[in-house]
Amino acid sequence: MSAPAANAIPLTIHMDERDNVAIVANDGGLPAGTVLASGLVLRERVPQGHKVALADVAAGQPVRRYNVAIGTALRDIPAGSWVHERLLALPAARGLSGLPMATVRPEPLPPLEGYRFEGYRNADGTVGTRNILAITTTVQCVAGVVGFAVERIKAELLPRYPHVDDVVALEHGYGCGVAIDAPDAIVPIRTLRNISLNPNFGGEVMVVSLGCEKLQPERLLPPGTIAVRDERGEAGALDVVCLQDEAHVGFMSMIESIMAQALPHLARLDARRRETCPASDLVVGVQCGGSDAFSGVTANPAVGFATDLLVRAGATVLFSEVTEVRDAIDQLTARAADGDVARAMIREMAWYDAYLARGGADRSANTTPGNKKGGLSNIVEKAMGSIVKSGTAPIAGVLPPGERVRCKGLVYAATPASDFICGTLQLAAGMNLHVFTTGRGTPYGLAEVPVIKVATRSELARRWHDLMDLNAGTIADGSATIPDVGWELFRLMLEVASGRRKTWAEHWKLHNALVLFNPAPVT
């Protein structure tokens, strides 16, 4: 990070007039002796994104940001001091009883009409933003073979089918060596099943199995799950290549079988064309990773503004990450559309609390060294900045991990906070476009869906100019407003969804692995 310019005007950001801290916005931070606009003098250097005490805070008193007590002072903190995680005690988690239930009743926002994108209409009514052949795998054992086959398909077959965007292997670490009949095993199984049915795959389902694994193809995709078609487009059996079949003699025969099975799927996908679709056909997953103190100031509020635009347009928006909303549960249950939605959200929080407890962990384990270096002291502060991605709309539904979304509007899709597990579960929910904010920087991407990355800081956007798709740091700089960037993001989503613009992750083919959330025992 660059050093602050000698003549730079000191910039701090104060989230609420009742806060007793502000964050330093200047690139490189501010040195000791800097005089802020209020006349306050910094007692020590404060790095960019980190907090400065605006008033004396006595030991045991709350430190407030977003008008929320993000911690209590472990010792006296004089005004002008750098306030970091080592000075704060983490508050106890909010209890899950006595919460406000569907008490917030905002005035309905006017419908947003006339916004469209060019997408691929599927037989089940969903719409893809890309036209991809996905090859589902039942077990990690086949990953190497399928990966080899996919490279051959891309090199030798894909050029014949110019309207097919890509071929991807749905590789994962599940399928065998697991307690597949345990109650929680339904989570990874339905996750993989629903990923196979993602709108970007056009209803074309092709499976590669080893043969002896616990997760058999018929268990993964039971009869009736999909409308299976044969090479003539007529009803047929599930399309499975089983590597242990006696017909396979040697490695190359396996590869040739997979390539031959791919041909009819490629042909049907290649016959598809984009058509004009309303913005209401978008299913947008929003997520943050490598977060910093600017996440809740710039990028996430801009995403929240765009979320409200999408909801007004009739689209579906998925927000997630249990540990990164847990400390704001009272705000979220209050925004629930009704009591059933509020109770469903509480059930997901309680389930995850119990899951962490079984592993001997709690929510404090969430924050990373990078989060702290970026100015986030603990999970409470991180959560307050995370939830603003959800905008202001009522929460219309709650989705347990691995299930497919069935309603429009703002939906809470319960997932762990891990970038890769969250992205995987949002794919299973039916996401056809992904928005990902970052302050520290991450090259995160998914092969299955376009990922728009939004930088929280201008310095990151400049330095990672060919990885970040949008710079929300202009909000902190004062050169743009939250609505400015929110509208820019909304329009960018329509361009990316239409295939008129590729994201940087698509350009560089930056694709992270799918990670199935498996709370069941491993045997």
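The values are calculated or read from the model by the stated rules, or taken from the named source; none is laboratory data. The structure presented is a predicted model; accordingly, all values stated were derived computationally and were not measured. Note: ideal-geometry Cβ built from the backbone for every residue, glycine included; neighbour counts use all protein chains shown. Surface areas here come from the heavy atoms of the whole protein model, side chains and all, with no ligands, DNA or RNA. Shrake-Rupley method; radii C 1.70, N 1.55, O 1.52, S 1.80 Å.
Overview of values
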{"read-out": "Cα centroid separation - segment 28-65 against segment 164-192, whole Å", "value": "48"}
{"read-out": "Nearest-10 value in Å² for the accessible area of H507, using the 1.4 Å probe", "value": "100"}
{"read-out": "Exposure of W351 as accessible area (Å², to 10), given a probe of 1.4 Å and all protein chains", "value": "80"}
{"read-out": "Sites R43 and H14, calculated FRET efficiency, Cβ-Cβ separation with R0 22 Å, nearest 0.05", "value": "0.75"}
{"read-out": "Size of the chain as Cα extents on the principal axes (Å, biggest first)", "value": "79, 47, 45"}
{"read-out": "Relative contact order [Cα under 8 Å, 6+ residues apart], segment 121-194, whole percent", "value": "38"}
{"read-out": "Segment 416-523, relative contact order in percent, only Cα pairs under 8 angstrom and at least six apart counted", "value": "32"}
{"read-out": "Segment 52-202 - percent relative contact order, Cα under 8 Å, separation 6 or more", "value": "19"}
{"read-out": "Share antiparallel - DSSP beta bridges, the chain, percent rounded to 5", "value": "40"}
{"read-out": "Accessible area per residue, Å², the chain with all protein chains present, probe 1.4 Å", "value": "39"}
{"read-out": "Inter-label distance, nm, simple model (7 Å from Cα along the C-beta direction), R94/E156", "value": "5.8"}
{"read-out": "Kirkwood estimate for segment 428-523, i.e. one over the average of 1/r between Cα atoms, Å", "value": "14.5"}
{"read-out": "Zone residues, segment 298-319, relative to T368, backbone N less than 17 Å from point 7 Å out along Cα-to-Cβ", "value": "300"}
{"read-out": "Over 18 Å between alpha carbons, listed pairs K154/K453; K408/K502; K154/K509; K51/K372", "value": "K154/K453; K408/K502"}
{"read-out": "Accessible carbon and sulfur surface of the chain relative to its total accessible area, %, 1.4 Å", "value": "54"}
{"read-out": "Under 12 Å from the Cα of K373 - aspartates and glutamates, other chains or at least 8 residues apart", "value": "E85, D292"}
{"read-out": "Column: log10 I(q)/I(0), Debye, Cα scatterers of segment 1-138, q = 0.10 Å⁻¹", "value": "-0.61"}
{"read-out": "Dimensions (Å) - segment 160-291, Cα atoms, principal axes, largest first", "value": "48, 41, 33"}
{"read-out": "For segment 369-444 and segment 261-313, distance of Cα centres in Å", "value": "13"}
{"read-out": "For segment 308-385: rounded, prolate or oblate by the Cα gyration tensor [a/c cutoff 1.5]", "value": "oblate"}
